[in-house]
1. Given Ser267, Val245, Gly214, which one lies farthest toward the positive end of the charge dipole of segment 195-272, if we put +1 on the Cβ of every Lys and Arg and -1 on the Cβ of every Asp and Glu?
2. Going 7 Å from the Cα of Ala207 in the Cα-to-Cβ direction, what parts of segment 220-236 have a backbone nitrogen less than 15 Å from that spot?
3. Find out how many positive minus negative residues lie around Gly40, taking Lys and Arg as positive, Asp and Glu as negative, among other residues whose Cβ is under 11 Å from that of Gly40.
Amino acid sequence: MIPQASLAAALAEKRSDRRIDVLRHIQNCGSISEAARRVGVSYKAAWQALDTLSNLAGVELVQRSVGGKGGGGAQLTADALLLLEAADAMGHAREQLHVQLEHARQLPAAADSQARAAGAAGISVATTLARLQVMTSMRNQWPCVVAQLSRRGPLVQVQLQGADAGAQFVLHSHITDESVQLLGLRRGLPVLAMCKATAVTVQAASAAADVAAGSNGWQGVITRATRGGAVQELAVRLSSGMQLVGFSRETSSLRVRAAVQVTVEPSAVVIALSGE
């Protein structure tokens with residue numbers, strides 16, 4: 001049975017650009033290694049891009065030929081060509097939407113009152129909608145900005161700062177160099193940081209240990225507490241104003257308004273590009 005292509009899934013995020021660029025250059029040069037060189041990523045990162053897009057689309061996007069006079073090569077499938085055509089169309093549609101939203105924000109005083117109210121709003125409609133496009137089971141999602149990148153062995157430590165809370169909210173994530181390349185991470189880039197609630201540990205501030213440099217640990221206050229079996233689900237507001245959900249396995253229940261410390265392993269923090 002031939003799988004049905006799901007090209008919309010492969011294009012769900014605006015910043016799939018580098019992955020799409022790998023496809024474009026394979027189309028032009030017929031080589032995965034050369035496409036990687038032209039995009040500015042490693043050969044391994046190029047393959048990660050192809051694997052990700054193929055998984056999202058649900059079909060094979062590249063056919064490889066081994067050996068031969070030219071030493072082998074790569075050719076896009078018909079689905080990959082359709083994917084590139086759809087990417088162009090979606091890029092054009094996004095540009096048009098952005099222009100329309102910016103126009104609404106700059107309407108003169110004589111314009112319709114409802115439209116003026118939208119234009120005068122403090123939020124960025126385009127940015128907010130882009131963030132909402134990332135749908136996941138992870139309840140903890142924070143708009144951030146990349147503050148620093150540093151290599152830690154085979155991984156890269158990404159230091160993030162809250163986009164809305166400023167320097168008060170600092171978060172660390174450990175990801176592979178290939179992911180850094182494909183996401184195009186750089187200082188000042190807006191991203192969305194996420195982690196599952198089960199990866200968040202909450203404990204009483206009085207019992208908390210010191211947080212090591214490069215780890216994630218914050219002080220906060222419980223705003224909601226729910227007990228279920230041996231664990232307690234807690235909503236916490238941090239001193240920076242950020243909110244998150246985590247779990248406590250302490251024998252005694254933590255109460256609303258209690259001071260707590262929250263910790264998250266950097267390896268549990270996922271970085272996404274929301275299309276801002």
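1. Going by the charge dipole, the pick is Val245.
2. Residues 230-234 qualify, since their backbone N sits under 15 Å from the label point.
3. +2
Taken together, the values in this text are just the output of simple stated rules run on the coordinates, not laboratory data. None of the values given here were measured: they were computed from a predicted structure. Note: ideal-geometry Cβ built from the backbone for every residue, glycine included; neighbour counts use all protein chains shown.
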